[in-house]
Amino acid sequence: MTPTFRLQTLTSLFVVVESIRDFDEFTQDNNDIMLKNIAEDLRNCLPLETMLSSEHLALQKIQRQPEPTVHVDAFLYDEDFIDSLCEEGKMSRNYCTVCGSHQTAPLGFISHSFSLMELKFIYHHVLPDLSGKVLVDVGSRLGAVLYGGYFYSSALQLYGVELNGDFCQLQEMIVKKYQFTDRIKVLHADVCTQGSLLQNADVIIMNNVFEYFLDEAEQARAWEYISRHVRKQGSLLVTVPSLEDSLSGLQINIQLSPWVEEVPLNYDVYSEKDVDREALEQIHLYKIL
């Protein structure tokens, strides 16, 4: 091979690599845009606080927080969107500690959905390649985990298990509109009726799944059911918060060490200044033993 030919070959290889990189970036950007379009569709169907009247217990528990707390769905409203709503006077980040004065304090925000950043962290940096795998989102709510899995992973099948029929209808609307039916299936069901699905799942995701929606006895029942049926060796469990935090305070006898092993995560994968490190640190990964 002459030097000139070798140079031409290397140049051609460089062009191919750059083209692949450009295509990957284009695909990534397009996936982000699609998820933002879905978020816009859902915003148009829901009140600003993204809580439905059918969520009686969740509303009561939020109101009982020690400090004033509001629900802001992180999938629907990112920080820039919240800033714009605050500028328009439709939302506030603070509450008055003495009515009529200038003494203010930050409101507490809680979300029952992952943000776009958290979804990308889970699918790109927490979970392995999901080709041929089955993922189950317990308490799928608006379906953010399912849509993220559709765009950011190669999972064979994505199942959402949701007890609230109103949210199931919203998920079905999105699944049909965006033609996700080949890989996404939404089940209107109590997770405690889905033993076979749990037993065969390769990945199970649970984000603030029971605390705000079930009383303590029902939470204990659900966790005991899950610990009995999620036994596929090597399968993965993603939770927010940690299993230890979720189970603390419940009258329950689940021994974690014979059941799961926590997998350390690298929370420093994003270098951007606006990354919510605290939110990422709430995400925990476990391997079933």
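The values are calculated or read from the model by the stated rules, or taken from the named source; none is laboratory data. Computed from a predicted model, the values in this text were never measured in an experiment. In this analysis, Cβ positions are derived from the backbone assuming ideal geometry, glycine residues included, and neighbour counts consider all displayed protein chains. Keep in mind that these areas ignore ligands, DNA and RNA; they rest on the heavy atoms of the full protein, side chains included. Shrake-Rupley method; radii C 1.70, N 1.55, O 1.52, S 1.80 Å.
Some points to look at:
- With R₀ set to 51 Å, the beta-carbon distance separating residue 48 from residue 289 gives a calculated FRET efficiency near 0.70.
- Residue-normalised accessible area of the range 126-240, expressed per residue, 1.4 Å probe, Å²: 40 Å²
- Extension gain, residue 232 to residue 178, is 16.3 nm, computed as 0.36 nm per intervening residue step minus the present C-alpha separation.
- The range 119-270, Rg to Rh (Cα coordinates; Rh as Kirkwood inverse mean 1/r): 0.95
- Reported value for the range 186-250: 92 Å³ per residue, from the convex hull of its C-alpha atoms.
- Å² of accessible area per residue within the range 244-288, as computed with a 1.4 Å probe and no ligands counted: 67 Å²
- When each of 36/185; 36/176; 36/232; 120/177 is checked by Cα-Cα distance, pairs over 24 Å: 36/232
- Stokes-Einstein diffusion of the range 199-289 at 10 °C, 1.306 mPa s viscosity, Kirkwood radius from Cα pairs, rounded to a whole number: 112 µm²/s.
- By accessible area, using a 1.4 Å probe on protein heavy atoms only, the range 213-289 has 45% of its surface on carbon and sulfur.
- The packing ranking, built from the mean of other Cβ atoms within 10 Å per residue, places the peptides 258-265, 131-138, 169-176 in the order 131-138, 169-176, 258-265, highest first.
- With 0.36 nm allotted per residue and the present C-alpha distance subtracted, the residue 131-residue 224 stretch has 30.5 nm of extension available.
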